[in-house]
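Here is the structure we will look at.
The values are calculated or read from the model by the stated rules, or taken from the named source; none is laboratory data. Please read all numbers here as calculations on a predicted model, not as lab measurements. Note that we place each Cβ from the backbone using ideal geometry, even for glycine, and neighbour counts take in every protein chain shown. To get the accessible areas, we keep the full protein, side chains included, count just its heavy atoms, and leave off ligands, DNA and RNA. Shrake-Rupley method; radii C 1.70, N 1.55, O 1.52, S 1.80 Å.
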Protein chains: 2
Amino acid sequence: MPQTETARNETPLAAPADPRGAPGARLSPVPLGAATLTGGPLAEARERNRTITLETIHRRCEECGAIDNLRRAGGLLAGDPVADFQGAFYADSDVHKWLEAACWQLAETPEDDALRARVDEVVAVLEAAQGEDGYLNSYFMGERAARRWTNLRDEHEMYCGGHLVQAAVAHFRATGERRLLAVAERFAAHVWSVFGPGRRPGADGHPGYETALVELARATGDPRYAEQALWFVEQHGATPPAIGGRAYHLDHEPLAAQREVVGHAVRALYLYTGATDLLTELPESAASLDPAVDALWRDFTDRKRYVTGGGGARHDGEAFGAAWELDDERAYAESCASVAHFQWAWRMLLRSGVGAGGGAGELRDAMEQVLHNGLLSGVGLDGEHFFYVNPLADNGGHRRSPWFGTACCPPNLARLVAALPAYAYAVDSVDPATLWVLLLAEGRVRAEVAGGTLELAVTTAYPWEGGVRVEVVRAPEGECGIALPAPGWADAPVEWAVDGVGVAGEAVDGFTVLRRRWRAGEVVSGVYPLAVRPVVAHPWVRAAHGRTALARGPLVFCLEQADHPGVDVRDIAVAGGAGAEGWEAEWRPELLGGTVVLRGEGLARPAPAPDAPLYRSAGAREVGERERVAWERVALTAVPYRLWANREAGPMQVWLPEV
Amino acid sequence: MPQTETARNETPLAAPADPRGAPGARLSPVPLGAATLTGGPLAEARERNRTITLETIHRRCEECGAIDNLRRAGGLLAGDPVADFQGAFYADSDVHKWLEAACWQLAETPEDDALRARVDEVVAVLEAAQGEDGYLNSYFMGERAARRWTNLRDEHEMYCGGHLVQAAVAHFRATGERRLLAVAERFAAHVWSVFGPGRRPGADGHPGYETALVELARATGDPRYAEQALWFVEQHGATPPAIGGRAYHLDHEPLAAQREVVGHAVRALYLYTGATDLLTELPESAASLDPAVDALWRDFTDRKRYVTGGGGARHDGEAFGAAWELDDERAYAESCASVAHFQWAWRMLLRSGVGAGGGAGELRDAMEQVLHNGLLSGVGLDGEHFFYVNPLADNGGHRRSPWFGTACCPPNLARLVAALPAYAYAVDSVDPATLWVLLLAEGRVRAEVAGGTLELAVTTAYPWEGGVRVEVVRAPEGECGIALPAPGWADAPVEWAVDGVGVAGEAVDGFTVLRRRWRAGEVVSGVYPLAVRPVVAHPWVRAAHGRTALARGPLVFCLEQADHPGVDVRDIAVAGGAGAEGWEAEWRPELLGGTVVLRGEGLARPAPAPDAPLYRSAGAREVGERERVAWERVALTAVPYRLWANREAGPMQVWLPEV
């Protein structure tokens, strides 16, 4: 990777966030290239992303005209930008997100000439599409230019701009080239010529630009971009309101005063992510946001998050529901909200670090929970069908789509998956001799820690199996720490050994830190306890009343119709506690690309008659015995939620009814 | 009431539908004036409607400018109809519905000069607002006139027109005056000059006009209006689509081919109601609709109706959900859908009559179920606050509103309540000597049956108490029948007696018919078995899993926070079967205007800690015993669902969790 001077750091860091040197930052990611994933479901997801999804999304962006819109805006294609515009007014953002994803991939596979050529072409299109004044949005061209920046609430110009900037940062960090970064800087300068103190007020109706500006500051070394981001965040809830004052847009009160997670789920989670970035980058001037971000995380985590990590209970307004309102079959849980949740948790973890009372273990667990469940569920095993909505129960009608009129989710998933290795490890500014393992997966990591380079090779079949083997490939002379996750779901600490000899690690806030003078060739080994866990919900979650979910390690499981011929999944119940003591995990190499399933025994009621009444009066005793029906024992197979809807359609449920 | 000639019937019938003489009709209502309600909750609701709600709605229509819009359109008020228009583009319909409601009230209280003066004024406004060509809609005036009839899908012109026609029919039937009927005829002629075979295609994006046209045909004796209604109904699902082809507008396939209840709940139920009218009025030419209407009723009743009679599970699109998708806390169950449900069931009952295999008992039960639960819940006990949405569980945030931006529900409820007595009894064209009692309530009825006049005085505290006393005030010479409901919820037939001597009635399809030569002064008496009934749902209704609802007679009950100090209603559970054997009904004259409550014993868990986790792993045994918590016995008081949210806000639930 070419080295380029930036103000704070000598080399760009190939990761979605680069908090190195930020006054409020504790951890920094190990970048793409230095961190790799070589086996297991995360690596497989990433390989599918590289070989299929990136290609598919680029093709869709061509078919739907999103790239042509930009080509016309830049005069590279004949036609009228207004009359010939295709797709939604925010179609540019799909191109930007694809570009970001492609860049993260290129960071690891710079030899991929075809991908590089495609990236170069799109970068050139964006350069051409940018106006003299720095404006760049292919929708607001021609006669629509008069509408630029007139409706921040609804017209997504800052949202599109945010993804442009994020793509530019990724391009710079992946390739070292500053071409697109220059476009982003011109764009940001243009925005700041329109908005700002003494100029026009205006908050972002669909957040995303705030986080982008913080990374632009980090990539360029120009702190003013972060200050602009703070100004935009503080415009939310201004008096008079700049964007209408509705909770939907997070504009009902100043963010610093907000304590409840409300409104459009993706917009909210992006805004909280931006606020977290600001607390990292500008901890003093952004300090008033601190209690808000903490309280919002608690409200989300304790009252409004699905067991799959999804967020957003309502189709209506794509919004969060009330506290404990988490209906399963009508869960919205947009894939983009899962992406945002993952990014928010990661940024909070980078900010607070471990051992500072910031809930590092909970944050890491959240990343793992949403990634392995409600985030990767967004992409089918074929890599080219996508969920926008991720319900926790279905009657067989909900299937992945090849594309959407509003196609935000596929490229959003792609950019996250492409950058996955960069989320897996972190180094520590306070405890500079320690390497933190955030995501467990087979792969390698090479990090600069105090004293030198620490390089590890991780061998594991996690999360299918609990065994983890970490070989020290290279180590500094002095003592350093390897911090391994101690997940909250584990009912016993992992017993770690070095070369077979048990070692007592230091338990710190959701991690176990093994500190010593490491020598190359030493092997750390341990086994995570992957017992089948029945999971119950807070009693006020109505959709989970009298139900249990099955989990094993970080994975949440579901029953799918495809595994239960002869009985409708909706007629299946389990004994109290899901009969969890009887469940066994089984590796099924031929199923769903290779997966662990849970096998156990349940009960099936006789299928209801087609004309079974919707309601009936029941004698008290009859109901007390939960319907005098002849339950029959039935063998059950539960598959990971992430893998559902990859076979023939049929009912699915996560929360299993108990009898 | 003045007598006016119509083609088929000598006198107008003061009821929302007048199927007398229609070739497909069996029953006809006993009109307002001849049928009265004098005591009990229906009479109280009607009295509140007369003294408060009608006044309130008229005032809101003035305050919101809906009547002024029409005054300006008619040149009765200075100003520009376009620039000065206030409210939603369908604001006219609120005025029309208020007028219909006021007319039904006037039919019974013609001496109410203040109400009559108000009716006369609004009628004069409508006369003035009508264009030379018959067009009448105060929104599409001035420069907007060019948009008339250009967007039937979205712009509600036919919906507003339908309510205009229904108001005109009510005005004619209530007062005998033809002024507004003439307006309606001119309007319908205008519509038919635009649309029709060989003219423009077009279906009604928000149905309502079809039912109105059928009543216009009946009121005027001109059958062409019914034929127009059939043409409009048959335009749904045309190729190419006239209104876009979406299920939301019931335009995805011809209605005759539809078998599943989908789309916007109110629009769907209005369309089905219109189709039912057509099967009554034009049974031969509308015959293809017959299987559709039957199948749609079955789908609604067996898979998509709330236990409160509400319809429409989704906020998103105000739509029906999938089969068995009936979430409680996010139930939409719009008050207008309850009105439409009631009207549809009534019209199906009038059409099929009793004993013809048309499910008369089920239809009557449906009317009673929705009326006493999810319909009258729409109006507060103060008569001036309204529910648009009627959920079955709430955390305390859902309260009735004084008005709405889209104010369809309040005047819709008002017109139904004003006409209530007309829904209570029916005479029979096939069994002309029998009077059918459809709604049990204290009151009087005077009906012409074969052989003469049958007049009854009903004394009852139903549904608070089961006892019913029917005194024969006048009877014809020959044998005639008094048909009393035999509700499906009753677990034993009522033992009827005449002057204390048991009589064996004829059980016919949800009714018991007592036939004899009646003499004035004879008293029929019986007692409906109002035991507390636990109600369970079809096992595929996820929101009702492990839960029981409490019912008594036609009433569904709920737990409200106001009756349970010291314990959060969300922490209350009941023993299996809701412990129904232990529940007792108690009359509470001081509570909620006087109501029966159910008193029983439940269990309360200790309040969850404020930081209780949303999910937790639980040992199998622990879950099997449904959480090892110290449940405490707690006295429970359940109130009728209809009366909820009339006290201080707090959690409410209909489906009670069992432990």
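Some values worked out for this structure:
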| quantity | calculated |
| --- | --- |
| Label distances, nm, residue A:10 versus same residue in remaining copies, Cβ-directed 7 Å point | 11.0 |
| Accessible carbon and sulfur surface of region A:431-527 relative to its total accessible area, %, 1.4 Å | 48 percent |
| In Hz, Karplus ³J(HN,Hα) per residue of region B:644-659 (6.51, -1.76, 1.60; θ = phi - 60°; x = Gly, Pro) | 6, 6, 9, 10, 4, 5, x, x, 9, 8, 8, 7, 8, x, 9, 10 |
| Surface accessible to a 1.4 Å probe, per residue, for the residues of the protein assembly as shown, Å² | 32 Å² |
| Inter-copy spacing of residue B:616 label points, which lie 7 Å from Cα along Cα→Cβ, given in nm from shortest upward | 3.8 |
| Interface A:B - total buried accessible surface [probe 1.4 Å, Å², rounded to 100] | 5400 Å² |
| Percent carbon-and-sulfur accessible area, region A:1-125, ignoring ligands, DNA and RNA, probe 1.4 Å | 49 percent |
| FRET efficiency estimate (nearest 0.05) - Cβ-Cβ, residue B:635 to residue B:492, R0 22 angstrom | 0.15 |
| Given 10 as the ceiling on other Cβ atoms within 10 Å, longest exposed-site-free region of chain B for GluC sites (Glu not before Pro) in DSSP loops | B:285-476 |
| Backbone N within region A:143-164 under 18 Å of label point (7 Å from residue A:200 Cα along the Cβ vector) | A:143-162 |
| Those aspartates and glutamates that a straight Cα-Cα span of less than 17 Å connects to residue A:97, excepting residues fewer than 8 apart in one chain | A:55, A:62, A:63, A:68, A:120, A:121, A:127, A:157, A:210, A:215, A:334, A:384 |
| MRE, 222 nm, helices only [DSSP H, n ≥ 4, -39500 (n - 2.57), over chain A, to nearest 500] | -9500 deg cm²/dmol |
| Fully extended contour minus Cα-Cα distance, from residue B:294 to residue B:522, at 0.36 nm per residue | 78.1 nm |
| Sparse-neighbour loop sites [trypsin sites (Lys or Arg not before Pro); region B:479-567; at most 13 other C-beta within 10 Å; DSSP] | B:517, B:519 |
| Distant-in-sequence amide H partners of residue A:353 (H built 1.01 Å from N, under 5 Å) | A:26, A:27 |
| Buried on assembly, region B:633-659 (at least 30 Å² less accessible surface than by itself, 1.4 Å probe) | B:658 |
| Per-residue ³J(HN,Hα) for region B:283-300, Karplus 6.51 cos²θ - 1.76 cosθ + 1.60, θ = phi - 60°, Hz, x for Gly and Pro | x, 7, 6, 9, 3, 5, 7, 4, x, 5, 4, 4, 5, 5, 4, 5, 5, 5 |
| Cβ-Cβ FRET estimate between residue B:503 and residue B:429, R0 fixed at 41 Å, reported to 0.05 | 0.95 |
| Chain A: C-alpha gyration tensor shape, a/c 1.5 cut-off, then a/b vs b/c | oblate |
| Built amide H within the under 5 Å cut-off of residue B:438, gap 5+ | B:425, B:426 |
| In nm, spacing of pseudo-spin labels at residue A:143 and residue A:179 (7 Å Cα→C-beta vector) | 3.5 nm |
| Within the accessible area of region B:292-408 (1.4 Å probe), percent carbon and sulfur | 47 percent |
| Overall form of region B:532-657 per C-alpha gyration tensor (a/c, 1.5; a/b vs b/c) | prolate |
| Inter-copy label distances at residue B:200 (7 Å, Cα→Cβ; nm, one decimal) | 3.8 |
| Calculated from backbone phi, Karplus (6.51, -1.76, 1.60) coupling profile of region A:259-276 in Hz, x at Gly/Pro | 10, 10, 6, 9, x, 4, 4, 5, 4, 4, 5, 5, 5, 4, 5, x, 5, 5 |
| Fraction of antiparallel bridges per DSSP, chain B only, in percent to nearest 5 | 95 percent |
| DSSP beta bridges in region A:431-527 [antiparallel fraction, %, rounded to 5] | 90 percent |
| Euclidean distance of C-alpha centroids, region A:385-457 and region A:260-299, integer Å | 21 Å |
| Rounded if a/c under 1.5, otherwise prolate or oblate - the protein assembly as shown, Cα gyration tensor axes | prolate |
| Where B:160, B:64 fall by accessible area, highest first, once all protein chains stay in place (1.4 Å) | B:64, B:160 |
| Two-site FRET efficiency, residue B:151 against residue A:649, from Cβ-Cβ distance with R₀ of 51 Å, rounded to 0.05 | 0.90 |
| Residue A:47 paired with residue A:77, simple spin-label distance in nm, labels 7 Å along Cα-to-beta-carbon | 3.4 nm |
| At least 50 Å² of accessible area lost relative to the chain alone, listed for region B:524-558 with a 1.4 Å probe | B:534, B:536, B:538, B:539, B:540, B:542, B:545, B:547 |
| Nearest-to-axis residue of chain A, judged by beta-carbon position, where the axis maps A onto B, in Å | A:546, 1 |
| Hypothetical label at residue A:59: residues of region A:384-427 whose amide nitrogen lies under 13 Å (7 Å Cα-Cβ projection) | A:384-385, A:402-403 |
